[in-house]
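See structure below.
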Amino acid sequence: MITLHHYLLVSAALFSLGIMGVLTRKNAVNVLMGIELILNSANINLVAFSRYSSNGIDGQIFAIIVIVVAASEVAVALAMVLTMYRLLKTVNLDQADTLKR
């Protein structure tokens, strides 16, 4: 039987992979994928706690809100990455400081 503990372990693993992806990658697209993993691990927690509590579907509603925010974040971030690529011909985050000028 799958318990809350199993969901929390999967969520912790996804969160750890997301943090590792954000902190170790130099490619902007890979960093965005790491952020998405972090947000998905939060969604798993929200839905799991909602499933194993008596509060109804509050967790699912919050998870939908997180998905909408993540979609908006991806749209804005990909626009920034495309602009960076157009100006610098690279998506390496080490060279992103040249956008300050």
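Does region 4-90 come out rounded, prolate or oblate by the C-alpha gyration tensor, with a ≥ b ≥ c the root eigenvalues, rounded set by a/c under 1.5 and, if not, prolate when a/b is larger than b/c and oblate if not? Note, shape of region 4-90 comes out oblate. Between the residues Leu8, Met84, Ile57, the greatest Cα displacement towards the positive end of the dipole of region 4-90, with unit charges on the Cβ of Lys, Arg, Asp and Glu, is found for Met84.
Sorted ascending by nearby beta carbons within 10 Å, beginning with the fewest, Asp97, Asp58 become Asp97, Asp58. Note on region 27-51 and region 58-101: Cα centroid distance 15 Å, given to the nearest whole angstrom.
The residues Arg51, Arg25, when put in order of fewest to most other Cβ atoms within 10 Å, stand as Arg51, Arg25.
In a simple Cβ point-charge model (Lys, Arg +1; Asp, Glu -1; nothing else charged), region 4-90 has a dipole of about 360 debye relative to its Cα centre.
FYI, it's all coordinate maths here, none of it is from the lab. Quick caveat: nothing in here was measured; it's all calculated off a predicted structure. All Cβ positions, even for glycine, are placed from backbone atoms using ideal geometry, and neighbour counts span all protein chains on display.
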